[in-house]
Amino acid sequence: MRISARADYAVRAALQLAHARGAGPLKAEAIADAQDIPHKFLEGILNDMRRGGLVLSQRGGNGGYRLAKAPESISIADVIRVVDGPLVSVRGVRPPELSYTGPAESLLPLWVALRANVRQILDGVSLADVASADLPTRVSALAEDPASWTNP
């Protein structure tokens, strides 16, 4: 699985908004500066997140962006799906829509299992979990395994 720059920036922007929750809207420039994200690129991402119902925008001198829901109710997967679409696809196709024959036939359940694991992690971690550095035990255990940090 590959996390695009767009998805990474979107999650980081959402985390910045989660961190500032209750302090009023944040301007795109402030988010871009805090997270070292190109401002113009971030504007497009924030618009996608607004259209996807994750953020609200407010115009005017006191305007900016804020989360549309509590950070506890927005998963990392929610953010990625809004800006990049499905979490796991094969050649741009969702695994259940694929079919294989012969020795490749068992690839389909492999891709479905991969998707299930990715969903389990990303749907199971909220913005609040990451913003508070309190990841679920299962995620922390995977990250603490030294083998997780090496590339074969």
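Consider region 99-111 and keep the residues that are within 17 Å of V88 (Cβ to Cβ) and in a helix (DSSP H, G or I). The one that is most open to solvent (accessible area, probe 1.4 Å) is L110. For the residues L56, L42, L114, the requirement of being open to solvent by 50 Å² or more (accessible area, probe 1.4 Å) and not in a strand (DSSP E or B) singles out L114.
Annotation: P96 fulfils all but one of (1) free of Cβ contacts under 8 Å to residues at least 12 places away in the same chain; (2) loosely packed, with under 11 Cβ neighbours inside 10 Å; the unmet one is (1).
Evaluate region 50-73: report whether one residue or more is farther than 21 Å from S4 by Cβ, of a type in the set (D, E, K, R) and over 18 Å from the mean Cα position of the chain (by Cα). Yes, some residue in region 50-73 is farther than 21 Å from S4 by Cβ, of a type in the set (D, E, K, R) and over 18 Å from the mean Cα position of the chain (by Cα). Taken residue by residue, region 84-96 has at least one member that is farther than 18 Å from S4 by Cβ and out of contact with any Ser or Thr (no Cβ under 9 Å at 6 or more places or on another chain).
Across region 11-24, the number of residues qualifying as at pLDDT below 95 and either open to solvent by less than 40 Å² (accessible area, probe 1.4 Å) or farther than 20 Å from A128 by Cβ (or both) comes to 2. In region 22-35, the residues that are under 12 Å from R12 (Cα atoms) form Cβ pairs under 6 Å with partners that are loosely packed, with under 14 Cβ neighbours inside 10 Å, at six or more places apart or across chains, as follows: A32/H39.
One residue stands out among those in region 122-143 that are closer than 22 Å to P95 by Cβ and crowded, with 17+ Cβ neighbours inside 10 Å: the one that is nearest to the chain's Cα centre (by Cα), which is L122. From the list L135, L122, which one is in contact with a helix residue (DSSP H, G or I) (Cβ under 7 Å, 6 or more places away or on another chain) and free of Cβ contacts under 8 Å to residues at least 12 places away in the same chain? None of the others qualify; the one that does is L135. Of all the listed residues (D78, D33), the sole one being under 18 Å from A131 (Cα atoms), within 20 Å of the chain's Cα centre (by Cα), open to solvent by 50 Å² or more (accessible area, probe 1.4 Å) and acidic (D, E) is D33.
The values are calculated or read from the model by the stated rules, or taken from the named source; none is laboratory data. Predicted model, so just to flag it, every value in this text is computed and none were measured. All Cβ positions, glycine included, derive from the backbone under ideal geometry; neighbour counts span all protein chains shown. These accessible areas exclude ligands, DNA and RNA; they are computed on the full protein's heavy atoms, side chains included. Shrake-Rupley method; radii C 1.70, N 1.55, O 1.52, S 1.80 Å.
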